[in-house]
């Protein structure tokens, strides 16, 4: 499914329901919950470090090879870096079997330290021409992402509910975690969650009030934003270009 809005207006995508009554929301699968956490975390990380984000859809034409989508997306990013100067481009992508094969992508870029301010934008005409050369399909779609908590939450939910489901022929998702964070996002989140669960288990045995999930989420967001957190007698901080830096207390 390729959205049909015009290319240059920042958006807060959350299509309204048809009719006045909202339908009951289906229960998400573990895969969808995991995907929601990943994309929301990356959007928060990018916002916190002054990245500009574009939301992009790349299609496959009739007779095209959808199995080449990921590789050709890499070639496209290389052209964006070399021809447009957006070096250090980061991404998150969901691949589906809609139509003849589609990639739903976020691209993120920040002005390098010391450089003059610059807008991150790629014209639909240029993008269409490049994608047709690389993948044989001129149909693309691009929008600027509008930062903010409301936009982040709604867009994360929209992407996962629309594309990470069997009806859309969901294939996989991936992101530039080595370039973006320098650490595996899921593994570190699971470590923090396990510590939180263990502490709450002890508090329950002591008849103490459990630490709310909100505290865990806030700690996670602080870490992604580059703020130091205390983790088992160590100070942990995310430093761009280095990953997680651990300092004994």
Folded to 0 to 90 degrees: helix 185-205 orientation relative to the chain principal axis, Cα: 30
May I ask you to sort 121, 107, 175 by Cβ crowding, counting other Cβ atoms within 10 Å and putting the fewest first? 121, 175, 107
Multiply the residue gap between residue 179 and residue 165 by 0.36 nm, knock off their C-alpha separation, and tell me the result in nm, one decimal place. 2.3 nm
Cα long-axis angle, helix 213-224 against the chain (0 to 90 degrees, to the nearest 10): 60
With the crude spin-label approximation of a point 7 Å out along Cα→Cβ, what separation in nm comes out for residue 211 versus residue 50? 3.2
If 202, 236, 164 are placed from fewest to most neighbouring beta carbons inside 10 Å, the sequence is 202, 236, 164
What spacing in nm lies between the two simple spin-label points modelled at residue 237 and residue 124, each 7 Å away from Cα in the Cβ direction? 4.4
In deg cm²/dmol, rounded to the nearest 500, the helical mean residue ellipticity at 222 nm of the chain, built from -39500 (n - 2.57) for every DSSP H run of length 4 or more, is -13000 deg cm²/dmol
Compute the angle between helix 149-163 and the longest alpha-carbon principal axis of the chain, please, reported from 0 to 90 degrees and rounded to the nearest 10. 60
Taking the Cβ-Cβ separation of residue 83 and residue 172 as r and a Förster radius of 25 Å, what is the calculated FRET efficiency to the nearest 0.05? 0.35
Fewest-first ordering of 158, 163 by Cβ atoms within 10 Å yields 158, 163
Shape category assigned to region 30-179 from the gyration tensor of Cα positions, a/c cut at 1.5: oblate
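Readers should treat all values here as calculations from the given coordinates under stated rules, not as data from a laboratory. In this text, all values refer to a predicted model and were calculated from it rather than measured experimentally. Every residue, glycine as well, gets a Cβ built from its backbone with ideal geometry; the counts of neighbours run over all protein chains shown.
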